[in-house]
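One structure is given here, and the rest of the page talks about it.
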Amino acid sequence: MRKFAVTLMASLLSCSAAFAFWPEATDSLLEVGVGYRQDKLEWKTSSHFDSSYSGSSNYDGEFFDGLPARVSSHLKWDDLNIWQIEARGKFVTCDNIYLRANADYGWITSGKNKDRDFVGFDSYYSGSDFSGSGSDFEFAHSSSKVKGHVYDVKLAIGYQFKLCDDNFSIAPLVGYSWHGQHLQDRHLKQDFYGDYAGYSELFTGSRSRSSYSSDSSSYYTFDSYDVESYDYSYDSYSSYGGNHSKYHARWNGPFIGFDMDYRFGCCCEWDLFGGYEFHWAQYHAKADWNLRCDLFDGFQHRAKNAYGHVFDIGVKWDFCECWTLAVKGEFQWWCAHRGRDRALVTECRVGDVKTDCYLSIPLRDVKWQSAGITVDLGMVF
């Protein structure tokens, strides 16, 4: 108890000293609000096989006519309907030092996910209904419903310039931000197409590579099924059951931008405000993926070359001496390039020695778009 009392008194003294040296504010505002936004997130991967294993080659004494030269995936979360709450604070000192902090948290009430998988051939595939060079053909397609949550946190500092008899202000700023999407896919439905359904097993581990031949009749054909109610006899599909997949993504990094505010006349109660931010970011993601049985430990995405544009504009009404009401729209465009998709594909333990084998393929493109509207109630200090 004595230690707790001493710690509490020291904390209070520290806060008192900090407030004593903190400059007095000429303008400060605290806002809380609710809003709606719609997001879209998508990524693409593409892996290429050694040309010696594509077309006609010998692998463990067997002939592989038509082994794909590349395999690619395109996954998209679309129409993510999000209801969110937010808090925003602004503090301007008498020396025009501009401080801003804002955070929001949202619930994804509905959305949809689509995953499309393709194989590409650089040579003629015997037994197929098509031929050519450099073409990609879709062999699997899945769809699911989406729920989850999102968050955004931004901190910024700058200097405010006031013009036009203080009716117009602009503040260049620098800051740091964190953005996250936590997505949960449910009610999965999957299709495998025709003779190329066999590739779904080749790249999900249910059949070994050496079990394939040039005879197209050796490939299995699957119909559409609902994974949550489907009872498949192979052990490799037993983990599908009623399981759900999860994808947790995060964007974080510094940014530069500006905030502006324009008051319509010295006695007017209406303000037009807005801002723009350019972000440099790193992209990180981790997935618990039950769509593919070979990814028993999920996979990770990472891309250091990411950037984003954030633009907002709104109108604020000073309806009381210290109360404000604002309506704001915000638009975001984010992109990440030249990343890596990394997954644990096998584990081996001999005595006390454990060896993990990871597979890393290029993460070609990640895109995130968001548009929303928020109503904020604020109090001026």
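Read the figures in this text as sums done on the coordinates, not as results from a lab. What you see is a predicted model; the values in this text were computed from it and never measured. All Cβ positions, even for glycine, are placed from backbone atoms using ideal geometry, and neighbour counts span all protein chains on display.
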With a 10 Å Cβ neighbour count serving as the proxy for reagent exposure, in which order, fewest first, do 183, 75 appear?
75, 183
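Only loop residues by DSSP count here, and only those with at most 13 other Cβ atoms within 10 Å; note down the chymotrypsin sites (Phe, Trp or Tyr not before Pro) in the range 303-357 that meet that.
319
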So how do 278, 139 line up by other beta-carbon neighbours within 10 Å, fewest first?
278, 139
What do you get for GluC sites (Glu not before Pro) in the range 304-366 restricted to DSSP loop and a cutoff of at most 11 other Cβ within 10 Å of the site's Cβ?
321
Given the pairs 90/304; 304/367; 112/328, which span a C-alpha to C-alpha distance of over 24 angstrom in this model?
90/304; 112/328
What ranking of 191, 115, 185 emerges when the number of other C-beta atoms within 10 Å of each C-beta is taken as an exposure proxy, fewest first?
191, 115, 185
